[in-house]
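In what follows, a single structure is set out as structure tokens and then discussed.
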Amino acid sequence: MTTSVPASRGHRALLAGWGLAASSATELVDVDAGTLAAAVKDLPARGGIARGLGRSYGDPAQNAGGHVLRLAPTNEHIVIDDVAGTVTAGAGVSFDDLLAVIVPRGYFVPVTPGTRFVTIGGAIASDIHGKNHHADGSFGDHVTSLRMMLADTTVVTVGPDNDPDLFWATVGGMGLTGVIIDATFRLIPVDSSRMSVETRRIDNLDDIMSRMAASDSNVRYSVAWIDLLAKGKHLGRGVLTNAEHATATQLAASQATDPLCFDAKQIVAVPPIVPAPGVINRLSVTAFNELWYRKAPLVRQGELQSIPAYFHPLDLVGNWNRVYGRQGFLQYQFVVPFGAEDVLRAVIERISAATLPIFLTVLKRFGAGNPGHLSFPIGGWTLAIDVRAERAGLSALLNGLDTLVLDAGGRHYLAKDFQTSPAAVRRGYPRLDEWLAIRERVDPAGVWASDLSRRLGLTPFRTN
Ligand SMILES: Cc1cc2nc3c(=O)[nH]c(=O)nc-3n(C[C@H](O)[C@H](O)[C@H](O)COP(=O)(O)OP(=O)(O)OC[C@H]3O[C@@H](n4cnc5c(N)ncnc54)[C@H](O)[C@@H]3O)c2cc1C
């Protein structure tokens, strides 16, 4: 006699991305490896999509009228292989929990985004990049294998050498090829939990870009904050921070007793909703940007910072996304290939001229992309800006920027996207048809669906 495992109970939920700009009602179902198949069999006509910690900014992890499957964080099953230098962990495990296990053992994740509150499943599905893309590539480059459940509930193991088509369609595939159950990936061995950081305040965009280009070959982590309100000869001024993992011998005596100590705290939480116009406006942001720029040293080298301080400073403030108020915000992130520096400058000029209250602006350099059909990074410059949703004229401004970016051979990051169009995805991702064919092979009925997939035409329209 066989007993069927009941799907975990779902409940109605209003889900949004980190930008809080567009929520939709769904049935949120908590699953683990044992209940996943039953939950997939239970999916309604509107299908289902996996969700991690909801740190993508837009709508890829929500599914209006359908189901959203949230994988349990199986922290007890984090297995480090010291010989291979890899870890195997459940897709629902967060980087926060993972770092607490691996850093004291002398390892770091191969790629981290600007927050620790993402899951392994979310990191693979978005093929996330970090401040080290020019040196180490994106997360998918380090995954040696993953197990996933397909729409017909078959569980398959794929990797770069095992059904590479499905593997690379899943890396960056925004959950639309199946639910990742667990994954094995390479780690970076580290001697200490500290970063040796060089900070440099730089007066204009050209200098920032030439310094970043020059440090490609000898700096592992590099990122620049840009003041998008600066104009004229100061256009694109900013603060460049480069870093390496500190060796144990670089530590101060007080730190050397426990060189791999990892302590990540949140120091303050933003109240539920802050009245945005009172907080984020042109005057407050102009003052903030000026202060942020001036407080940076002209040059400071060899400063020791903790992993959270260098990689995840925003995590120090819980729910900081609410500071934009009820209408939420969006992050506009694009990449343009090397050679299109004039386009990057033109984008910055247009945003600067629009005088939007923008304080979070990040510029990075990408190395070459990987075989992921929908993986975002290509060799070039990527700029990410946070801007409050519903600003008058914002759509028109962004549509104009889209044209500049796409004409230059660039593209937009789906994990951040909230406003682009199916046509922009088709132009930006020339291998979209290959990806659609693989998606069709593993999910002909379009079981996996999200608000993003419907908005951008990535899944077939289902009528039953
Ligand atoms: C403050 C902040 C800083 C960030 N910095 C960066 C950065 O530097 N670089 C970068 O690349 N990104 C960055 N991000 C974006 C973030 O890394 C990605 O959106 C990531 O995918 C979020 O992971 P998550 O677990 O929250 O996934 P969710 O946001 O919940 O989901 C993201 C996608 O992953 C899919 N997914 C989740 N779990 C699974 C699974 N088990 N199987 C299949 N698909 C799954 C979902 O369906 C969805 O399409 C940042 C986000 C924030 C809030």
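Tabulated data for the structure shown
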{"item": "Lone unmet requirement of (1) more than 13 Å from the ligand (Cβ to nearest atom); (2) among the hydrophobic types (A, V, I, L, M, F, W, C); (3) open to solvent by less than 10 Å² (accessible area, probe 1.4 Å); (4) in contact with a strand residue (DSSP E or B) (Cβ under 9 Å, 6 or more places away or on another chain) for Val79", "result": "(3)"}
{"item": "Among (1) more than 24 Å from Glu341 (Cα to Cα); (2) among the acidic types (Asp, Glu); (3) surrounded by 22 or more Cβ atoms within 10 Å (Cβ to Cβ), the one test that Asp417 misses", "result": "(1)"}
{"item": "Contacts under 6 angstrom Cβ, first residue in the stretch 197-222 being under 16 Å from Gly339 (Cα atoms), partner assigned to a loop (DSSP other than H, G, I, E, B), 6 or more apart", "result": "Leu205/Leu235; Leu205/Gly236"}
{"item": "All positions within the stretch 238-260 that are under 30 Å from Ile358 (Cα atoms) and open to solvent by 20 Å² or more (accessible area, probe 1.4 Å)", "result": "Thr241, Glu244"}
{"item": "Residues being out of contact with any Phe, Trp or Tyr (no Cβ under 7 Å at 6 or more places or on another chain), farther than 13 Å from Ile120 by Cβ and crowded, with 20+ Cβ neighbours inside 10 Å - total across the stretch 52-65", "result": "4"}
{"item": "Residue satisfying all of: in the stretch 295-324; farther than 17 Å from Val197 by Cα and out of contact with any Lys or Arg (no Cβ under 8 Å at 6 or more places or on another chain); nearest to the ligand (Cβ to nearest atom) among these", "result": "Leu314"}
{"item": "Residues of the stretch 418-442 satisfying the condition of being outside any helix (DSSP H, G or I) and closer than 12 Å to Leu374 by Cα", "result": "Tyr429, Pro430, Arg431"}
{"item": "Filtered residues of the stretch 364-396 (kept if among the aliphatic types (A, V, I, L, M) and open to solvent by less than 30 Å² (accessible area, probe 1.4 Å))", "result": "Leu374, Leu383, Ala384, Ile385, Val387, Ala389, Leu394"}
{"item": "Residue check, Arg300 touching a Ser or Thr at 6+ places or on another chain (Cβ under 6 Å), open to solvent by 60 Å² or more (accessible area, probe 1.4 Å) and at pLDDT 80 or above", "result": "yes"}
{"item": "Sole residue being part of a strand (DSSP E or B) and on the phi < 0 side of the Ramachandran plot, chosen from Phe117, Phe185, Phe167", "result": "Phe185"}
{"item": "Exclusive hit being within 15 Å of the ligand (Cβ to nearest atom), in contact with a His (Cβ under 9 Å, 6 or more places away or on another chain) and hydroxyl-bearing (Ser, Thr, Tyr), set Thr74, Thr35, Thr26", "result": "Thr26"}
{"item": "Unique match (being within 16 Å of the ligand (Cβ to nearest atom), touching a residue at least 60 places away in the same chain (Cβ under 8 Å) and in contact with an Asp or Glu (Cβ under 7 Å, 6 or more places away or on another chain)) among Phe359, Phe329", "result": "Phe329"}
{"item": "Flag if Val111 is open to solvent by less than 10 Å² (accessible area, probe 1.4 Å) and in a loop (DSSP other than H, G, I, E, B)", "result": "yes"}
{"item": "Yes/no for Val68 being hydrophobic (A, V, I, L, M, F, W, C), open to solvent by less than 50 Å² (accessible area, probe 1.4 Å), touching a helix residue (DSSP H, G or I) at 6+ places or on another chain (Cβ under 6 Å) and without any contact (Cβ under 8 Å) to a residue 60 or more places away in the chain", "result": "no"}
{"item": "Selected residue (only one of Arg282, Arg350 is among the charged types (D, E, K, R) and modelled with pLDDT under 90)", "result": "Arg282"}
{"item": "Residues located in the stretch 120-152, provided they are surrounded by fewer than 22 Cβ atoms within 10 Å (Cβ to Cβ), away from the ligand (no atom under 12 Å from the Cβ) and not in a loop (DSSP other than H, G, I, E, B)", "result": "Ala135, Asp136, His142, Thr144, Ser145"}
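The values are calculated or read from the model by the stated rules, or taken from the named source; none is laboratory data. Small disclaimer: the values here were computed from a predicted structure and weren't measured. Neighbour counts run over all protein chains shown; Cβ positions are idealised from the backbone, glycine included. Accessible surface areas use protein heavy atoms only, side chains included; no ligands, DNA or RNA. Shrake-Rupley method; radii C 1.70, N 1.55, O 1.52, S 1.80 Å.
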